[in-house]
Every structure is written in C-alpha cells, then in structure tokens.
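S.K.: My questions all concern the structure below.
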Amino acid sequence: MSKSLKKKNHWTNKVHEAVVTRGKEGELGFELKGGAEIGQFPYFGEVKQGKGLIQSGKLAQDELLLEVNNMPVAGLTTRDVLAVIKHCKDPVRLKCVKQASVQADMVSTRLEHWIEGRAEEMVIITPSEAQYKSS
C-alpha cells in the first residue's frame, strides 16, 4: 500500500483542537468520562451548551481527549485529567479525535495492554491498608 494512502486514512489526520474558556461559574461545559482506572482513554460525555465558551473548534460527545494545553492525557485517570484541566489558565486548548467503534476497541485494547504491562510497577492501597499504614 502506498505511503500517501496510509497517511490519508491515519487517525492522527483527524485530530482537531478546540479552545475553550470557563463560564461564569468556572465550568468548561463538558462532562469527562473514561479514564485509565477503567481501562479507557478519557472522552467527553455530555457537552453542555452555555456553561463554557468555545472560542474555536468544536467539542462533541464521545470524542477522545488526547491533550490538554499540549500535555498528553491518554493513560491518566479521570481524576488526574480533571486536575490538569483545573490548573490550566484560560483559554484551555483541547486536542480531540472522534472515535469510531473500531478505533475505540483498538484504543481500549492497547490501553489495557499498557496497564497490564505496568501492573507490577503499580501499588494499589485499599482504604483499610491506608488506615493501617497511618496508625
């Protein structure tokens, strides 16, 4: 297959940027779902009209969130992605890509393999262990 044909159909050519600012209540106007804690990349849930101001680009429900202000967020937990967003000053630049069902399965599978490969490095402390260690 020719290089130009491969490049034309590659998902990276479909990545787009949306620039958003916070609304009056400090919200950016979207719900964040997914996250490494459930073996998924972060993606947008409901995009709420009027909560945040989209300066350029667009946000759509179920799009994957790849970067926040040029910081890759793929592989982070939802809590960590929200922390990154919280500490960004306006305007916030979001790199996103629409996920097709085939891409979503492929991405989810790759993330699961990445997490499995790092499982030995991860330390998970349950609440009961945390109480024990703090005593």
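Each reported figure results from applying straightforward, stated rules to the coordinates on display, with no laboratory input. The structure presented is a predicted model; accordingly, all values stated were derived computationally and were not measured. Virtual Cβ from ideal backbone geometry, glycine too; neighbours counted across all protein chains shown.
S.K.: Once amide H atoms are built 1.01 Å from N in the peptide plane, which residues 5 or more positions from GLN99, or in another chain, come under 5 Å H to H?
M.R.: LEU64
S.K.: Please find the FRET efficiency linking GLU67 to GLU37, where r is the Cβ-Cβ separation and R0 is fixed at 22 Å, and quote it to the nearest 0.05.
M.R.: 0.70
S.K.: In this model, which of LYS14/LYS86; LYS24/LYS98; LYS33/LYS98 are farther than 23 Å apart at the alpha-carbon?
M.R.: In this structure, LYS14/LYS86; LYS24/LYS98 exceed 23 Å between Cα atoms.
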